[in-house]
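Just so it is clear, none of the values below were taken in a lab; they were calculated from the coordinates. Predicted model, so just to flag it, every value in this text is computed and none were measured. We place every Cβ from the backbone using ideal geometry, glycine too, and count neighbours over all the protein chains shown.
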Amino acid sequence: MNKPLNKLHRFLVDLSDSNSDYNKLITGTENGIEYAQTLGRTYNKFAQWLAMPQVPDLFLGK
C-alpha cells in the first residue's frame, strides 16, 4: 500500500512544480483551450452575418 501512495505523492509534487513536464503540459493545454474559445467567440461574431453555423456557447466557456 505504501508504494502506490508514494507514486501518487510524487505525481502530485510534479504537478505543483512549475518546471515539470506535467505542469507544462497542463498549462499549455489550458492556454490552448483559452485560445480556441477566443477564436470561437470571434468566429461567432462573423458567422451570424455570413449565414454560417455558430459555435455553441457551451464550448466557449465564460
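Restricting to DSSP H runs of at least four residues, report the calculated mean residue ellipticity at 222 nm for the chain, -39500 (n - 2.57) per run over all residues, nearest 500 deg cm²/dmol. Write down the numbers at each step before the final one.
Working: 2 runs with 42 residues, N = 62.
After summing the helix terms and dividing by the residues of the chain, the value is -23500 deg cm²/dmol.
As I understand it, the value is the acute angle between the Cα axis of helix 2-16 and the longest principal axis of the Cα atoms of the chain; what does it come to in degrees, rounded to 10?
Approximately 50 degrees, to the nearest ten.
Among L15, F59, P4, whose Cα projects farthest towards the positive end of the dipole of the chain, with charges put on the beta-carbon of Lys, Arg (+1) and Asp, Glu (-1)?
P4
What chymotrypsin sites (Phe, Trp or Tyr not before Pro) in the chain are in a loop by DSSP, with at most 14 other Cβ atoms within 10 Å of the Cβ?
Values: sites: F11, Y22, Y35, Y43, F46, W49, F59; in loops: W49.
Listed in order of number, the matching sites are W49.
Relative to the first principal axis of the alpha-carbon coordinates of the chain, what is the inclination of helix 21-47, with its axis defined by its Cα atoms, in degrees from 0 to 90 and to the nearest 10?
Taking the Cα atoms of the chain, the angle to 21-47 is about 10 degrees.
Give the calculated FRET efficiency between Q48 and L12 to the nearest 0.05, with a Förster radius of 35 Å applied to their Cβ-Cβ distance. Don't skip to the end; give the middle numbers.
Working: r = 45 Å, r/R0 = 1.28.
Approximately 0.20, to the nearest 0.05.
Determine the relative contact order of the chain: mean sequence separation of Cα pairs under 8 Å and six or more apart, normalised by residue count, in whole percent.
On the way: 24 pairs, mean separation 11.9, N = 62.
After rounding, I find 19 percent.
Work out Dmax and Rg for the chain from the C-alpha atoms and quote the Rg first, both in angstrom.
Every Cα atom of the chain included, Rg and Dmax give 18.9, 61 Å.
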